[in-house]
Amino acid sequence: MNRRKIFLGISLITLAVLMLELALTRLFSATMYYHFAFMAISLALFGSGVSGVFVYLTQRRFDEARTGLWLSLAAALFALTTILALWVVLANPLVFEGSAENFYRLTKIYSATTLPFFFAGCAVTLAITRLAKDISRLYLFDLAGAALGCLLLIPVLNRMGAINTVLLVSVIAAVGAVLFSTATGGGRDLLAIKISFSGSIILVAGLAALVVYNGYTNSFDIEKAKGFEQNKVLFSKWNSFSRITVEGDLKGRIEIKIDADAATGITRNASNSASQQYQRRRIDALSYHIKPQANALIIGPGGGNDVMSARVFGARSITAVEINPIIAEDVMSSEPFKSYSGAIYFQPEVRLVVDEGRSFIRRSSDRYDIIQATMVDTWAATAAGAFALTENNLYTVEAFKDYVTHLADDGLLTMTRWYFEPPDQSLRLISLTRAMMDELGISNPPRHIVLMREAWPNEQRTPATFIFKKSEFTDSEVRRLEQVAAANSFELLYTPLTRPENLFTRMIEAADPAEVWHAFETNIEPPRDNNPFFFNSIRLSNLPRALGGVDEWQKTNLGTFVLFALLAFTTLLVVLFIIGPLALARGRELARGSHGKFSYLIYFACLGAGFIIVEVAMIQKFILFLGHPVYALAVVLFSLLTFSAVGSYLSGRFREDRRSRKLTKLLVAIVAVTLVYIMALPPIFYGLVHLALPLRLIIAVVLMAPLAVMMGMPMPTGIRILADNAPEIIPWAWGVNGATSVMGSVAALVIAILTGFNQALIVGASLYLLAIYFITRAQARGQRVTAEPAVEEPVSV
């Protein structure tokens, strides 16, 4: 058996798995609602865990001498089922409803996407089972392949899009099949090797041709997304965190759509202010009535409507910060849309910046008369996961403090959100403001806030605009705003001169606003950077309510329901996954050392859940420092995988007689460093956020390296201990690790929503402490567990 070829093949498999996992997250977000994107990828990853149990229960049927051939077959099936999964996803578009047809389509999608992960997991698990004594090198290649996949993912997604990235994954898997097919020695298997090799070569050629063909023809493409036909699409492009389309008619109205849902219109001849005077009547332009010649910062300008409004009022300087480079560069700065909009972003007083708004403002030394954010949301899942929404970090107490400290002394912060019942988003803007004012020492809240909404009849939702002034509003300023409201039939929800008997007035005037938000039916407490879930307002006690309510409210809260349902479902599956094989396996095998085996399994379960919880929390923490979820995802994942691979290699140097002692010290060190990071990272990030992005990327890698090296050691060390004491359960342990990783990814977000990401890190650290107990307990059993002799002849290929 050629180990080098198997190592390289495993690298290709894990590279392909990571790229497939994250590419599918992007594809699911574009075709389904982002809640289901996270659920689908979690269930698909569970296929990797199921493969561990499958190999454990059937390992005697896999002739060890033909390991390369079995690995080649698994890789080929991985490649083929990837194409099948892509076809099923594209052929089964979902709509936002609870119909039986929708659930049937979801079932097909989840089943199909499980298959490639299952076969990839079979390849990895079988390799680990056969090469357990060389686990340090094998795990090194496993993690190195995944790290390379992480490094390639963003440029490949940006260049090829999610659909062609999935097709490319199938080619990579097929190349792995070629390597595996030649890893088995000759002799009686020579014919089987030739057949496997030839078939794998044909598969590579065919799939490569399919990638090229689809690149030219787009035969595999999205025809219907989220219940809407993809008609009148003038432009379409993917990047690593969105699919941007421009839809409509250049002779009429056009709009930009993000993942087929969030939309921002482009106005014809937007730069011609004389023809756009109707902008004065827009509720999101209220602030300019009292500061018409402002130095304005606009976060999330999209198609340029806020920029247009600012120019109509004579703003002397406009800085527009757009997070999506496709919108800024490929749409608004390119033809035909540049001319259609009248080159709105190329006017003398306008400066367009591609950056994340919060990151930009933290690095800026400027002060602004107006900071504006209108309907900044995408409802899109980034590759970091469905709840890693960039907008969440714009709506936290710390974010509001950043905004206000960058206002001029009499500057205005204005945000426009949808108003619906219950008015969670508008109330949360008030709670955020009260918390921010308290921490900045700004007194007399009733004189600093204005809130009003459009009064559209027979509409469940209407836009509402919130304005905070750094100094107190003067009576003349308030009267001017109220005059504009009367002229345009806006409803006054609160002004310093008009204070209706409503919840907004109560929260603004309350001596202790916490009493108001704690008593409300939904969660309107002010979000913080530690748990930045502005849009998720449903309380745990009312979770089923997310299945109903106003469409907009349901859309923002259904994800929380799905997340908790997924946690319950994956927990049940993991319990069955661990206990089920106990009932299926042969009694004689379990009678010998079953308690020790169970302790080993719990050890690997703790590693799987602990690793992923720390990973998810770290990604969130690095977003604010690096300025974009994609950068945080790439840096944290790449650092964790790369340096964990280094740690795996170094763990191979542990002497056998000191292995247990080293492992205990290592796990304690992981716990200690994780807890130190909770306290140390925030001041480091705030102190260095002004540096250029390349320097911040290097700093992030350096910060992640020590923890990542240590986190790469417990798994291969545990596998070596198993190889000496219970080698027959190695595939089972690997499967349990994968299953609890899925559960841990869901649990990390549940913990963060309920308490925060710091608490999630504490839970991750606690799982590593628990791992110490179980590995010590397993080894204390003392007796060596030997594998049951084979009672069946190996099945021939």
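So that you can scan it fast, the table gives a plain yes or no per residue for (1) of a type in the set (Val, Ile, Thr); (2) open to solvent by 30 Å² or more (accessible area, probe 1.4 Å):
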| position | (1), (2) |
| --- | --- |
| 276 | no, no |
| 297 | no, no |
| 313 | no, no |
| 316 | no, yes |
| 329 | no, yes |
| 367 | no, yes |
| 370 | yes, no |
| 375 | no, yes |
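Scanning region 636-679 for residues that are in contact with a Phe, Trp or Tyr (Cβ under 7 Å, 6 or more places away or on another chain), open to solvent by less than 50 Å² (accessible area, probe 1.4 Å) and of a type outside the set (Gly, Ala, Ser) gives 636, 667, 670, 671. For region 238-274, give me each residue that is surrounded by fewer than 18 Cβ atoms within 10 Å (Cβ to Cβ) and charged (D, E, K, R). 249, 251, 253, 255, 268, listed by residue number.
Could you tell me whether region 659-674 includes any residue that is within 30 Å of residue 400 (Cβ to Cβ) and assigned to a helix (DSSP H, G or I)? Outline the logic, then answer.
Going residue by residue through region 659-674, those that are within 30 Å of residue 400 (Cβ to Cβ) are 674.
Within this subset, residues satisfying the condition of being assigned to a helix (DSSP H, G or I) are 674.
Yes: one or more hits.
In a residue-by-residue description of region 741-756, the property of being open to solvent by less than 10 Å² (accessible area, probe 1.4 Å) and over 24 Å from the mean Cα position of the chain (by Cα) applies to no position.
Right, residue 674: at pLDDT 90 or above and farther than 19 Å from residue 761 by Cβ or not? Answer is no for this residue.
Does residue 193 satisfy the condition of being open to solvent by 60 Å² or more (accessible area, probe 1.4 Å) and closer than 30 Å to residue 130 by Cα? Can you show your working first?
On the way: open to solvent by 60 Å² or more (accessible area, probe 1.4 Å): no; closer than 30 Å to residue 130 by Cα: yes.
So residue 193 fails the test.
Within region 484-535, the residues that satisfy the criterion of being in contact with a helix residue (DSSP H, G or I) (Cβ under 9 Å, 6 or more places away or on another chain), open to solvent by 40 Å² or more (accessible area, probe 1.4 Å) and either of a type in the set (A, V, I, L, M, F, W, C) or under 20 Å from residue 442 (Cβ atoms) (or both) are 487, 492, 497, 499, 506, 509, 525, 528. For region 235-254, a residue qualifies if it is part of a strand (DSSP E or B) and in contact (Cβ under 8 Å) with a residue 24 or more places away in the chain, and the qualifying residues are 235, 237, 238, 239, 242, 243, 244, 246, 254. Once region 61-111 is narrowed to residues that are surrounded by 18 or more Cβ atoms within 10 Å (Cβ to Cβ) and more than 25 Å from residue 163 (Cα to Cα), the residue that is nearest to the chain's Cα centre (by Cα) is 71. State whether the residues of region 7-29 include one that is at pLDDT below 75 and surrounded by fewer than 24 Cβ atoms within 10 Å (Cβ to Cβ). Among the residues of region 7-29, not one is at pLDDT below 75 and surrounded by fewer than 24 Cβ atoms within 10 Å (Cβ to Cβ), which makes the answer no. Summed over region 680-704, residues that are open to solvent by 30 Å² or more (accessible area, probe 1.4 Å) and either among the acidic types (Asp, Glu) or in contact with a Gly (Cβ under 9 Å, 6 or more places away or on another chain) (or both) total 1.
Hey, among 315, 328, 296, 343, which residue is of a type in the set (A, V, I, L, M) and on the phi > 0 side of the Ramachandran plot? Give the steps one after another, and end with the answer.
Working: 315 fails: on the phi > 0 side of the Ramachandran plot; 328 fails: on the phi > 0 side of the Ramachandran plot; 296 fails: on the phi > 0 side of the Ramachandran plot.
Of the residues listed, the single one that is of a type in the set (A, V, I, L, M) and on the phi > 0 side of the Ramachandran plot is 343.
Filtered by the rule that a residue be surrounded by fewer than 22 Cβ atoms within 10 Å (Cβ to Cβ) and touching a residue at least 12 places away in the same chain (Cβ under 8 Å), region 768-778 gives 769, 770, 772, 774, 776, 777.
Among the residues of region 540-554, is any modelled with pLDDT under 85, in contact with a helix residue (DSSP H, G or I) (Cβ under 6 Å, 6 or more places away or on another chain), under 23 Å from residue 418 (Cβ atoms) and surrounded by fewer than 21 Cβ atoms within 10 Å (Cβ to Cβ)? Checked region 540-554: at least one residue is modelled with pLDDT under 85, in contact with a helix residue (DSSP H, G or I) (Cβ under 6 Å, 6 or more places away or on another chain), under 23 Å from residue 418 (Cβ atoms) and surrounded by fewer than 21 Cβ atoms within 10 Å (Cβ to Cβ). Being surrounded by fewer than 24 Cβ atoms within 10 Å (Cβ to Cβ), modelled with pLDDT of 95 or more and hydrophobic (A, V, I, L, M, F, W, C) is a description that does not apply to residue 360.
Listed by first and then second residue, the pairs with beta-carbon distance under 7 Å, at least 6 apart or on different chains, first residue in region 120-137 and in contact (Cβ under 8 Å) with a residue 40 or more places away in the chain and within 14 Å of residue 733 (Cβ to Cβ), second crowded, with 24+ Cβ neighbours inside 10 Å and of a type in the set (Asp, Glu), are 124/142. The set of residues in region 167-221 being of a type in the set (A, V, I, L, M, F, W, C), outside any helix (DSSP H, G or I) and closer than 15 Å to residue 75 by Cα consists of 183 alone.
Looking at (1) surrounded by 15 or more Cβ atoms within 10 Å (Cβ to Cβ); (2) modelled with pLDDT under 95; (3) closer than 23 Å to residue 462 by Cα, which one does residue 286 not meet, given that it meets all the others? Unmet condition: (2).
The values are calculated or read from the model by the stated rules, or taken from the named source; none is laboratory data. No experiment lies behind these values; they were computed from the predicted model shown. Every residue, glycine as well, gets a Cβ built from its backbone with ideal geometry; the counts of neighbours run over all protein chains shown. Areas reflect the complete protein model, heavy atoms only, side chains present, ligands, DNA and RNA absent. Shrake-Rupley method; radii C 1.70, N 1.55, O 1.52, S 1.80 Å.
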